[in-house]
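Here's the structure, in structure tokens; my notes come after.
Taken together, the values in this text are just the output of simple stated rules run on the coordinates, not laboratory data. Bear in mind that the values here come from a model prediction, so they are computed numbers and not experimental data. Cβ placement follows ideal geometry from the backbone for every residue including glycine, while neighbour counts extend to all protein chains displayed.
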Amino acid sequence: MSGRWGGRVRHRILRRVARPILRLALALAFAAAAVYGLAAFSRDFWSPDEPDFADAVREMNVRGSWLLPYQNGKPYSEKPILYYWSMAATTPFTGGDVDPGALRIPSMVSGAFLVFGATLLAGWKGGRREGLVAGAATAVAPLVFWQAQFIQIDAFFTALLFAAFAAQMLVDLDPGRRERWVWVFHVLLPLAVLTKGPLAIVLTGLVASSGAP
């Protein structure tokens with residue numbers, strides 16, 4: 001009984017502390033998304049990767065082939081399918097065609113999510129100032145800033161894996177919802193695999209073997 005009561009009290013405290021941190025995390029994420037969007041919607045496709053992804057998505061729409069991308073009439077199976085689906089999901093809003101800015105939306109949202117997550121975790125651990133520093137540093141980190149406005153898999157993959165690791169961490173921090181967070185982890189990790197293959201499992205194994213909480 002005391003353990004259950006302690007868990008409830010801790011959950012209530014975390015929820016009260018989280019409210020201002022959550023508002024800060026959302027504000028920084030929206031600000032980052034706006035900056036990424038200004039860059040992403042201001043230019044055409046850049047070689048070498050962006051035209052390849054765009055052609056694959058265009059041919060997916062034309063052929064109606066949603067399980068295997070094509071490029072120049074040939075199967076294009078270098079990467080798993082999930083990132084292609086995320087890009088193809090933007091085409092109904094652009095008349096069924098591929099648009100440079102629209103195809104970058106998955107990367108933009110992923111970059112903003114990383115800012116959101118970094119702010120939230122640092123804020124819970126330290127406080128508002130720590131959350132602000134972590135979120136701002138993530139938003140302007142060169143690799144995050146670049147990947148968030150470029151058509152590549154990395155930001156999307158990193159966001160999924162980050163969310164999976166966060167869910168695994170919450171299994172211990174939020175015991176009252178343990179089953180829910182276990183379920184979330186078991187959904188997000190396969191999605192990461194569908195984005196960049198077995199690298200997701202390798203990285204998860206490395207984190208687990210490191211003894212990180």
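Of the residues Ala39, Ala54, Ala167, the one whose Cα sits farthest toward the positive end of the charge dipole of the chain, with +1 on the Cβ of Lys and Arg and -1 on the Cβ of Asp and Glu, is Ala167. Equivalent-ellipsoid semi-axes for the stretch 49-103 (Cα gyration tensor, √(5λ), whole Å, largest first): 16, 11, 10.
With contacts taken as Cα pairs under 8 Å at a separation of at least 6 residues, the chain carries a relative contact order of 23 percent. Relative contact order of the stretch 49-103, taken over Cα pairs closer than 8 Å and 6 or more residues apart, is 32 percent.
With contacts taken as Cα pairs under 8 Å and at least 6 residues apart, the stretch 91-182 reaches a relative contact order of 27 percent. Using the Karplus relation 6.51 cos²θ - 1.76 cosθ + 1.60 with θ = phi - 60°, the per-residue 3J(HN,Hα) values for the stretch 177-191 come to 10, 4, 4, 5, 6, 4, 4, 4, 4, 6, 8, 5, 5, x, 5 Hz, with x marking Gly and Pro.
From the square roots a ≥ b ≥ c of the eigenvalues of the alpha-carbon gyration tensor of the stretch 93-201, which class results: rounded (a/c under 1.5), prolate (a/b over b/c), or oblate? Cα axes put the stretch 93-201 in the oblate bin.
In this calculation the C-beta distance from Asp49 to Arg128 is compared with R0 = 30 Å, giving a FRET efficiency of 0.20. Using equal-weight Cα scatterers in the Debye expression, the normalised intensity of the chain in log10 at q = 0.12 Å⁻¹ is -0.71. With unit charges on the beta carbon (Lys/Arg positive, Asp/Glu negative), name the residue among Thr91, Ala112, Trp66 whose Cα is farthest towards the positive pole of the charge dipole of the chain. Farthest along the dipole direction, towards plus: Ala112. Charges were assigned to the Cβ only: +1 to each Lys and Arg, -1 to each Asp and Glu. The resulting dipole of the stretch 49-103 about its Cα centre is roughly 240 debye.
Only helices enter the 222 nm calculation for the chain: every DSSP H run of n ≥ 4 contributes -39,500 (n - 2.57), and dividing by all residues gives -24000 deg cm²/dmol, rounded to 500.
Other residues within the sphere of radius under 11 Å centred on the Cβ of Ala122, judged by their own Cβ, net out at +2 (K and R +1, D and E -1). Rounded to the nearest 20 debye, the dipole size of the chain about its Cα centre is 1460 debye, using +1 on the Cβ of Lys and Arg and -1 on the Cβ of Asp and Glu.
For the stretch 92-191, chymotrypsin sites (Phe, Trp or Tyr not before Pro) are listed when DSSP marks them as loop and at most 16 other Cβ atoms sit within 10 Å of their Cβ; the list is empty. A cut-off of 5 Å between modelled amide H atoms, ignoring neighbours fewer than 5 places along the same chain, links Gln71 with Tyr76.
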